[in-house]
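Data first, discussion second: the structure below is written as structure tokens.
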Amino acid sequence: MINFYFFPFTFMDARQAKILSCFFNRLNVLDIHGGAALPEPMAGLEAKGVLTRVCIDKEKLALAEQQVRAYLDWAAIHKGNEKNLRALIRENVFFKDDSSVAAIRAGIRNRTISHDPDATTVGEGNEALVFLKLADIHDRQSQNIQAALDALDQEKAALFAELKGDADTPLSVEHTQSPEPGRSMTEKRIKAWLTAALDSECFNQGGIPVLVTTSSAVMDAFLTGAGKAINALDIDSIKVHENGCEFIEQQHFKIETIIAQMAQGLTPDPEDDYFGGAEQGFVTGRIQIRLFPELRCVNLTKKNPGGQIGVCLVELNS
């Protein structure tokens with residue numbers, strides 16, 4: 001059994017969804033919103049059974065949400081008051097309350113937020129959830145900004161077409177490429193996601209966890225600290241079908257077969273044996289897979305004794 005996890009994000013934009021749907025028909029995602037409705041395109045994938053949520057402890061989520069609200073409230077109130085920041089903190093009663101940012105920060109540093117005897121783990125886990133929530137907000141806002149810019153470009157193109165008398169001609173507007181989220185806060189994203197995943201026992205489910213990303217920056221950063229791989233595969237130009245093609249289910253199965261072979265220590269069969277039939281309606285992509293017995297960047301021995309963990313990069317070339 002192979003368990004695929006969308007990594008290291010909790011929000012998936014349209015570009016990521018398109019790439020992932022070419023390679024996988026099932027993915028798990030850390031649910032940092034406690035069951036609340038997911039944004040599109042994630043909601044659509046969940047409705048189709050492609051996306052499955054990994055539950056996180058409700059009490060920890062509630063505490064993380066409280067911390068995030070405190071940070072956002074503080075930022076909204078004191079934005080632009082950087083010079084008076086120290087005075088504001090000293091004078092404002094809000095920062096003296098047990099639920100304030102200052103108290104929360106102190107709790108994280110001192111590992112005293114929870115009554116759990118394993119205070120270090122709880123402190124790190126809660127700090128990770130706070131970061132993931134803030135990163136999720138950042139990624140959602142980035143998509144909304146990009147969508148607004150695309151809409152503005154469309155309006156401008158329509159206006160110029162009307163002025164030129166070409167209003168009946170179909171518009172062809174080249175959308176600006178959205179910033180690649182994996183290039184922002186890369187190492188922090190990886191560390192926070194792994195901490196939350198370990199706390200949610202993602203690596204103790206009886207199967208092989210495979211962390212799937214669409215970000216080459218994430219893959220590069222992850223491999224830097226991951227240690228020595230026991231098996232690897234790189235295909236820079238692979239034929240894949242887009243969602244809706246009749247061959248896509250077979251394609252998904254073949255990709256899982258590749259990873260299963262690698263987990264057994266076998267060398268995957270040549271690419272043509274898997275994807276040689278994709279002669280019509282295909283796009284080209286890239287797939288990079290690494291399997292590890294353990295990771296230097298995270299302690300898996302207690303969570304996944306004797307097991308393996310994989311990391312997989314998928315991209316589209318066209």
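The values are calculated or read from the model by the stated rules, or taken from the named source; none is laboratory data. What you see is a predicted model; the values in this text were computed from it and never measured. Methodologically, a virtual Cβ is constructed for each residue, glycine included, from the backbone with ideal geometry; neighbour enumeration extends over all protein chains shown. Heads up: the accessible areas ignore ligands, DNA and RNA and are worked out on the full protein's heavy atoms, side chains in. Shrake-Rupley method; radii C 1.70, N 1.55, O 1.52, S 1.80 Å.
Can you find a residue that is at pLDDT 80 or above and buried (at least 17 other Cβ atoms within 10 Å of the Cβ) anywhere in the range 295-306?
Looking through the range 295-306, none of the residues is at pLDDT 80 or above and buried (at least 17 other Cβ atoms within 10 Å of the Cβ).
(1) in contact with a Phe, Trp or Tyr (Cβ under 9 Å, 6 or more places away or on another chain); (2) assigned to a loop (DSSP other than H, G, I, E, B): which one isn't true of ASP73, the others all being true?
Among (1) in contact with a Phe, Trp or Tyr (Cβ under 9 Å, 6 or more places away or on another chain); (2) assigned to a loop (DSSP other than H, G, I, E, B), ASP73 violates only (2).
All but one of (1) within 22 Å of THR10 (Cα to Cα); (2) modelled with pLDDT of 85 or more; (3) open to solvent by 10 Å² or more (accessible area, probe 1.4 Å) hold for LEU211; which doesn't?
Here LEU211 clears every test but (3).
Looking only at the range 8-58, which residues are more than 23 Å from GLN251 (Cα to Cα), outside any helix (DSSP H, G or I) and not hydrophobic (A, V, I, L, M, F, W, C)?
PRO8, THR10, ASP31, HIS33, GLY34, GLY35, PRO39, GLU40, ARG53, ASP57
When only residues in the range 25-42 that are more than 17 Å from ASN144 (Cβ to Cβ) and among the hydrophobic types (A, V, I, L, M, F, W, C) count, which is surrounded by the most Cβ atoms within 10 Å (Cβ to Cβ)?
Going through the qualifying residues, I end up with LEU30.
Could you tell me whether any residue of the range 197-204 is assigned to a helix (DSSP H, G or I) and either at pLDDT below 85 or more than 13 Å from PHE4 (Cα to Cα) (or both)?
Scanning the range 197-204, I find at least one residue that is assigned to a helix (DSSP H, G or I) and either at pLDDT below 85 or more than 13 Å from PHE4 (Cα to Cα) (or both), so the answer is yes.
Quick check on the range 247-279: of everything there that is among the acidic types (Asp, Glu), at pLDDT below 85 and in contact with a strand residue (DSSP E or B) (Cβ under 9 Å, 6 or more places away or on another chain), which residue is least open to solvent (accessible area, probe 1.4 Å)?
The selected residue is GLU271.
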